[in-house]
Structures are given as C-alpha cells and as structure tokens.
Amino acid sequence: MSRVSSSSSEREPSSSGRRKEKPPKKRSLLKSLFLVLFLVVLVAGAAVSVFLTLYLRDISEDLPSATEMLAHKANVASVIYDRNGEPVARLFTENRQPVELRSISPWIIKATLAAEDSSFYQHGGIRLLSIARAFVENVTNRGVKQGGSTITQQLARNLFLSQERTLERKAKEVILSIRMEQLFTKDRIMEMYLNTIYFGHGAWGVDTAARTYFGKPSSEVTLSEAAIIAGLIAAPGRYSPLSNFENSKMRQKYVLDRLLTLGWINEKERDEAYAAELEFKHVPNKVQEFNRAPYFVSHLLFNELLPKYGPDLVYSGGMEIYTTLDLKMQEAAEKAMKGLKSQGAIVGMDPETGEVLAMVGGHDFAVSKFNRATQAFRQPGSGFKPVVYAAAFESGLLPSDHFLDMKIEYEKKGPKMTTWSPENYSGKFSGEVTLEYALIHSINTVAVRLIDYVGAKNILNTARNLGITSPHVPADLSLALGTASITPLEMTVAFSAFANNGKTVTPLMIREIRSGNGDVLETRSPASTRGISPETAVTVRSMLIDAVRAGTGTRAQIKDRETFGKTGTTNDYSDAWFLGGVPGLTAVVYAGNDDHKPLAKKGATGGVIAAPVWKAFVDEAVKGRDLPLKFSVPEDAKVENVKICRKSGFRAIKGCSAVSIYMKKNEAPKTNCPIHGGDMYASTQDPNAPRLILVHNDSETYASSGLYTDAGTTAPPPETGPVKVSKPTGPSEAVAPSDMAYKDPNPADSVEDKYQKLLKQYGISN
C-alpha cells in the first residue's frame, strides 16, 4: 500500500507536471505560426515592395525629367501681324494664346476649382482617398471607369501623357503630379492648367475659350460666363453652349451650386448668375482659316515660313511674324476686287521699299487657292510698253523723236515663210508721230518699230533690270504687244521703278520674325538695285502721267494727286490690266478668266475693265494717309521740265496740243513748234530738233507717202513740220514672233490638289 501510495504519489506529480507543460507547447506553436505568418507577410511585402520599386522605376524611365518638365511649353499658336501690329492670321494645331494667372478673371479660377478640384491649394498633387475609391471602382468594373484626378494630375496627363484609360497611365500620372508639385508653385500649376485645357470648338486655353464663346478676353469674364466655361472642362462636346445649350445650363447650375456650397458666393450671386442672359459671339477656330488676307498669308506660309522653319515651329511654336501688310489697304483691295466680274488680282506696294501693302489673288480663297497675284503668268498687253520705252530712252532716244505709225511687215522664219504685220487697236494709222504721243495712245506699230531699233535683247535686259523674272518673255518683236507672260507682282515691281526714280525694289512681305520666347529669329530690310537711270524713270513717269490725264488711262485719275499709269489689253480680250501709281503707292489690277476665255466679245480693254477697279482701290487706299500729292525729282536726275507739242515735239506755243514732260537737260528742242506759228528756219537750225527714226522698210514707205526725199531730208508737210531724218546705225536683226507664243495654261484647275498635297507634306490638317 505504501508502495502504491508511494507510487501514486510519485506519478501524480509527474502527471500534474505533464499537464502543466502542455500550455507552453501550444503557445510555442502559435508563436511559430505567427512567426511563419510574419515571415510570409514580410517576404511578401518585401517582394511587393521590390516589385513596386522595379515597376515604378520601369514606368518612370520614359517620363520627362525635372529639367524637361521645367522647359516644357504647350503648343502655342503663331500669329501673323500687319505693319501696324494688327493680327492678320493665327496658325495652330491647338488654338492657344497663353495668359498670366493675374490676367484671368478670378471668377474663372474659382469656378474651375469648384468644378474640378476644390482642395487644390491644400493637397500635394494627389488625393489618396479619391485614388483609392477610383481604384476599387475600376477593379470592380474590370476597367478604368473613374478618374479621381486632381488639377495637377489632369495637367500632367495633358502635358506629358496619352489619354488612354489604363492603370499604368494612372500610375505615371500620379508620379508626375508629385514631381510637378515639387517643381512648381500652386499658382503656376493653375496657370499652366487653364492655358492647356481644351474647351471645345477648337479653343485651347481659357483665353481662347473666352474669345471663342463670348468674344472677350478671359480677364473680362463674368461669374455667369465663368460657370459656363468651367463647366466645359469635364466634357466640352456634351456641355457646349453652342450645340447643347440645355446641358450647358445644367452644368452651369452645378458649378454655381458648388461655389455656394464652398461659401465662395452667396445665394443672391448664384441666382443672379444663373438668370443672367448670355450673349454668345462665336468665333470659329480652324487651322488654315485666313479670314484676313488669305492669299497673302498662304503665300507666306508655303514660300517663306514652312520651308524655312517647319510645321512644328510655325504651328505650335508661338512665333510672331510681323509683315508689311496694311490691313486697311488690304480691305480696300478686297472691296475693289468685287468690281471685277472675272477672276483677277490686285497688288499694292510701297515703291520706295518694295513692301507689299495689299494682295488679293482672287475672289474667294475658299473656292480657289490659286493666287493670281503671284502664280498667274498672263500677258500684260500694252502694259508692257513702258518697259519698251524705258529701253529706248536708255539707248538715247527722246520723247520728242518721231516714228512712223504706218503698216509694217516682217517675214517669219520657217517653212511657210509667212509675214507678220501688227495692227493698232483702233485699226487706223496716224502717220508720223512723236514717241510721247505714241505711248499715251498705246500705238502698237510704233512700239514694234522701237524694238526693231533698240533690239529685242536690249528690251529683255531692261525687263530683267526692272525686276521681271518670268521665264516667259520672248526675245522678239511681239514684246511690243505685251506677249510676255508675267505675274501681277512682277509688273508691280517694274512699275515701282518709274515711281521711285529708277530703283528696282525686291518685294518685301516680312519685316521681323520672333520666337515664342520673344527672341528675334530674323529681320528683313528693304533692298533695291539700280534698274534704269533716274532720267529715264522720270521721263517715262511724266509720259505715263499724261497717259492718265489725256490718254488711255483717264478712268484711273485720282483727284488732287499726280497719277501715272498704263492700260493693258490682249488682242483676244482675255486679259485686261491697269498698272500705275500715285506718290507712295504703286498698284496693279489684273482681270482675266483662268481658262483664257475672252472677258467680252469686244471693248473689254484695260481702260474699261481694270482702270475703274484700280481707281476704286487707290482712292480708298490713300484716304487718311500722309502721302505727298506730287512725285519728287531727285537732285541727281539731270532732267528739266519742258512743254512740248504732242504732234511736232518742238516747244509748245499757243495752238499746240501741249504736254509738260521731263526730258534730259540740254537735249530737249530749243525752238518753238513751226507747225503752230514758230519760226520755220529757226527750227531747222535747232541742234535738238526732233528726229525721225526709220527702221526696216520705212524709207520706202515714207518716200512713197511723199514726205521723204532722196536727199534724206523732209519736205515739211503742214501736219508734221520739219524733222530731221535719222537712220539707226547698225540696227539689230528684227525677229518676228513665232506662231506659238507662250500662253499660261490653266493652273487653277490643279492648284487645289497641289494645296492639299502641301498641307499633307507639312503634316497640317485642314
């Protein structure tokens, strides 16, 4: 018993001891389980951490650096200005004009904050709760459905990311937002945001939006208007007041209610803003829409800007292009253009500088992109004669000299061996005439004889010296009739030389170009060369003044201003011109159909068709401008003003048809007109007596008329008076025109296709 007891007593402790040891084993197991779990979590966390680190590093590789973010600029429209700083056109892929935050209406800022991110000035770029809520919603819906983006996030996305809705893009957005908050102040972020966001109808940035919808700058926007503009951000198409007014008002109410809830306005302000009548002044925004001077702008784009600077800089770089254009003068030209029933062109130029002041290349740029001012090679007809006369005077001839206005024939070279005989517009001949008379009455036969005497190559050289670069200028007698095909711009340059005393100017359309930073990229200054002598220029101009006063250009006379000019008409009435100017302005008007169809069956002359349009343009163009009324004669021009008889070329007296013109000093006739009462003997002794110039077969023609003797002197008829007969020394070979004179094809048919190809070439969408 005692052993049992003893035994029992020994087992009990043992048994009780085992029972006491069991709890530690359980605790140990739990500890182990917790330890394992902790280790799993730790490892998993570390793995996730490593994964996230690697993932974030990976997706961050292609994100912009801090330096790139600081240097980044949103696409900014380039602006073309006229000579007075008035905007002519805006060039853009995104029509945006940045403004400083301080220049934006406070109502716009408050309305934007209320609509998009009321805690913007409190958070660090992201709202974690919003992101979490959006994440849960997106996972639940198995796709990105909800944004939860702050203003900073929206800006980051707009500037540096795509608009795709993926978790990766969202992660990048968060990273960039945090970086931006470190780099920029809150006000700077808000300023960038308002200048970057899209507001619909082609308006990028808040200032463009204010002008697009309300016709005013963003600084002048009211509370009511600000709520409309801020409401557009969420969905510009859905909330557009122009296309979805009811939706827009609904969104406006939401924005106003948010402002009230935030305590930024009171109920009265909310109600008044909602009830306020909205006045929309929609200004359309389209790339390539040049409402002001479209032909001028288009010419600059494809001939100057895009080839040199490229489309990115021109359309997104915020360039400032200061041109020579005068918008008031441009408007006068476009108004005058309506006076032409056909197509045509008008060019206005400062003759001293070559600055193009106005350019119209057709009736409607939207209908036809063909710029007839710079692209149409058309025959100027008699408008080319001043070039011929300039070459003649450069060779030593004088306005008082005589040529025959009589029938003349030239043999054509070739198998047919036919003859060419030019005719006058009147169909009549005037016999022996002065060069002054021949020019103002646009006599064809005299102009042909002039080329015969001077030589076609010399005429061509003079044309080149006057700025005519066209390849379609034939070196033959037909130049007298204006068979060269030349653009209106070239003809404007040529006639400017008569206005500016012989200088040939280079057409100038751009004065200065600045970058988006305000740096000067280039400046251009007027350039000119000596085209003809000042004496020749002054002489031709004085004769062309008489052409307007008493010749074919009477319909172009500008009241109280010296006006010079010349009409131009082709034989088939397919082209009509008036070319000339007043002090400070040279202008050319061209009229014609693109397919070369006649303007009329008869009578469609430059004096009838083009001269009135020219007058309408110039009359309006000179209004209110401080321009001289008369042309000046330079001191170095060795000329004198003389009054001569149009018929005889001698000094005019009572009874003469007199004209005051400039001639070289000491070369004008010294004696009075013998036809109208002057001393006959004295005129025969005048060393400067007008000469009769004979060419080709003129000697026989003149002799058969009874006015010429074998002795080589004139038998003074009562109509002409005594003149000295002078044959040219070593006359140049007369080249008759070919049967196939150049005629500009109809490029207008294909120009639209070419225009679209240019847009495609430069990556510009229309």
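Values as computed for the structure displayed
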read-out	value
Qualifying aspartates and glutamates (Cα of each under 14 Å from Cα of K172; at least 8 residues distant if same chain)	D58, E61, D62, E164
Cross-link reach list, aspartates and glutamates versus K623, counting only Cα pairs under 20 Å and skipping chain neighbours closer than eight places	D82, E86, D326, E331, E334, D350, E352, E355, D560, E562
Among 78-89, 150-161, the order from most to least packed when residues are scored by Cβ within 10 Å on average	150-161, 78-89
Distance between the range 622-645 and the range 510-562 - C-alpha centres, whole angstrom	13 Å
Anchor K757: aspartates and glutamates whose Cα lies under 15 Å away (excluding residues fewer than 8 positions away in-chain)	D749
Net charge of Cβ neighbours under 10 Å - reference D350; Lys, Arg +1; Asp, Glu -1	-2
Flagged links, alpha-carbon separation over 30 Å, of K338/K754; K338/K602; K335/K602; K328/K760; K385/K615; K385/K559	K328/K760
Among 306-317, 251-262, 443-454, 475-486, the order from most to least packed when residues are scored by Cβ within 10 Å on average	443-454, 475-486, 251-262, 306-317
Cβ-Cβ FRET estimate between D519 and F245, R0 fixed at 41 Å, reported to 0.05	0.40
Gained length - S660 relative to K623, 0.36 nm times residue gap less alpha-carbon distance	10.5 nm
The range 177-225 shape via C-alpha gyration tensor axes, a/c threshold 1.5	prolate
Net lengthening on full extension, E168/H72 (0.36 nm per residue, minus Cα-Cα)	32.3 nm
Within the range 189-261: Cβ-based charge dipole about Cα centre, in debye rounded to nearest 20 (Lys, Arg +1; Asp, Glu -1)	200 debye
Charge context of M329, other residues only, Cβ under 13 angstrom, K/R +1, D/E -1	-3
Ordering of 501-512, 528-539 by packing [mean C-beta count within 10 Å, highest first]	528-539, 501-512
Neighbourhood charge, 11 Å Cβ-Cβ cut-off, centred on G205 and excluding it, Lys, Arg +1 and Asp, Glu -1	-1
Additional length obtainable on full extension of the chain from K407 to K601, 0.36 nm per residue less Cα span	67.3 nm
Three-way shape call for the range 543-671 based on the alpha-carbon gyration tensor, with the a/c threshold at 1.5	oblate
Charge-dipole axis of the range 94-275 as Lys and Arg at +1 and Asp and Glu at -1 on Cβ define it, positive-most pick from L128, T112, T152	L128
Förster-model FRET efficiency, 41 Å R0, R549 and E752, C-beta, rounded to 0.05	0.40
Label-point separation, Y425 to S395 (7 Å along Cα→Cβ), nm	2.4 nm
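Just so you know, all these numbers are worked out from the coordinates, no wet-lab data involved. Source: prediction; values computed, not measured. Neighbour counts run over all protein chains shown; Cβ positions are idealised from the backbone, glycine included.
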